[in-house]
Each structure stands twice: as C-alpha cells, then as structure tokens.
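Scroll down for the structure; my scribbles are underneath it.
Bear in mind that the values in this text are calculations on the coordinates, not laboratory data. Since we're looking at a predicted model, the values are computed, not measured. Here Cβ is always computed from backbone atoms with ideal geometry, including for glycine, and neighbour counts include all displayed protein chains.
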Amino acid sequence: MWLFPWKKKRKKMVDAASYISIKETTEEAEIEKMVAKLEEIFYSSSREIVILCIGSDRSTGDSLGPLVGKILKEKNSPYPVYGTLKEPVHALNIKKVLKKIHQNHQDPFIFGIDACLGDERQIGYILIREGSFIPGNAVNRILPSVGDYHLKAIVNSLDPLSPVHSLNSTRLYTVLKLAEIIAEILSRVAANDVTSKRKKEKTKVP
C-alpha cells in the first residue's frame, strides 16, 4: 500500500496505454489496451515472470493484492504467483518471501501488485509503472523496494491524519471489482503468452 499524488495534468501522469479507470461498465477496449501494454512489457523480457501480490487480508483496502493472487491461482496462472488470501505477502514476511523467490527462480522478472491511496477523483484507477516500488508508504512502514515493474490500483482516498482509517473504511465492492479486472488482464496476457510460445515451437524446424 502506498500513496499516489494527484497530478492536475493527467497526460503527464502516465502514458495512455499505462492506465485505465474502472467504472460500473468497463469497456472491453479499455481492458485490451492494458493487456497489450503488459504483453509489450512481459514479452520483451527473456527472464521468468513472477507475480508478487502484496497486501493483507486483515484490512479491506489492503486486501487487493491477496485477492488478485487468489483469483490468479484459481485460474491456474502459468506465471508463478506469490501472495494470496491464504498466504498473503505483507510487512511481516515480505523479506522472507523475496528471498524465497530468488531461491526458486533464477533472475526473476518480478511484477508487483499492490493497493494505493490517492485523491478521491482517482479511485478506481489501475496504473502500470516501470521500476520498483516501496510497499507500506501510505502507513509509514519501512520496507524493501520490490519489482521490475509494478501495478497499482487506487482503492480509496487518503486521510492524511489516519491512512489506516482510509484502508479500513474502503468498500469491499471497489477492491473486489479492481481485483477481478486485474486478474482478468493478467490471465489474458498469460494465455496469449502460452499460445505464442506454442506457435513458435510448432514452427521450429526439427
């Protein structure tokens, strides 16, 4: 969970292919836009993709990551997934989990997922950023930076006096809807990745 400062000029916030705003009816074209962006990112790397979903099942606002991880596991994601409702990755175990990831996967490409607090006008935004992020910023936790790329979803507005209250007062409906959309996007990317690799295998000369 971290903060996301509002930018008055939204064009400078992210490039058009790097974010979508979740509404009651999210258009298919919006989802495919982000699928294409992630395909561009994932397919350009020869490293193993690992999905790291950060958050806690003990806080509604911070449960986005574990919910995404749970859904991806249920969809049998071909990408290794760390962080679910059953086994969440949070402040108390993130260092241990990162060590485990590097032990199990050689030079992994870690794609982090976490919830975010921002301006009220931003609630429902899903954004992709290059580079690592520091989970726990919103509640002043000092944690290691993680990820080669990361996705953040703004689940609620920030109460600067009590970020924890912002997390705990977040609507579960909002978090679940965001988690379902994110999991659907990642599932499509994974499915297209598998299909592409199969086609390449078939076209190889024996």
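For Ser44 and Arg129, FRET efficiency with R0 = 25 Å and r from the beta-carbon atoms, rounded to 0.05?
Between Arg129 and Ser44 the formula returns 0.95.
In a DSSP loop and with at most 16 other Cβ atoms within 10 Å, the trypsin sites (Lys or Arg not before Pro) in the range 74-138 are Lys75, Lys86. For the residue pairs Lys96/Lys177; Lys73/Lys152; Lys75/Lys152; Lys37/Lys99; Lys96/Lys152, the alpha carbons lie more than 25 Å apart in Lys96/Lys177; Lys37/Lys99.
3J(HN,Hα) along the range 123-128: 4, x, 7, 10, 10, 10 Hz, from the Karplus curve 6.51 cos²θ - 1.76 cosθ + 1.60 with θ = phi - 60°, whole Hz, x for Gly and Pro. The phi torsions of the range 154-159, fed into the Karplus equation with coefficients 6.51, -1.76 and 1.60 and a -60° offset, translate into couplings of 8, 9, 6, 7, 8, 8 Hz, rounded to whole numbers, with Gly and Pro shown as x.
Between the alpha-carbon centres of the range 154-187 and the range 88-113 there is a gap of 22 Å.
Distances between placed amide hydrogens fall under 5 Å for Asp159 paired with Ser166, all partners being 5 or more residues away or on another chain. Electrostatic tally near Lys152: other residues with Cβ closer than 10 Å to its Cβ, Lys and Arg +1, Asp and Glu -1, net 0. Local charge for Asn93 was computed over the other residues whose Cβ lies under 11 Å away, with Lys and Arg +1 and Asp and Glu -1, and equals +3.
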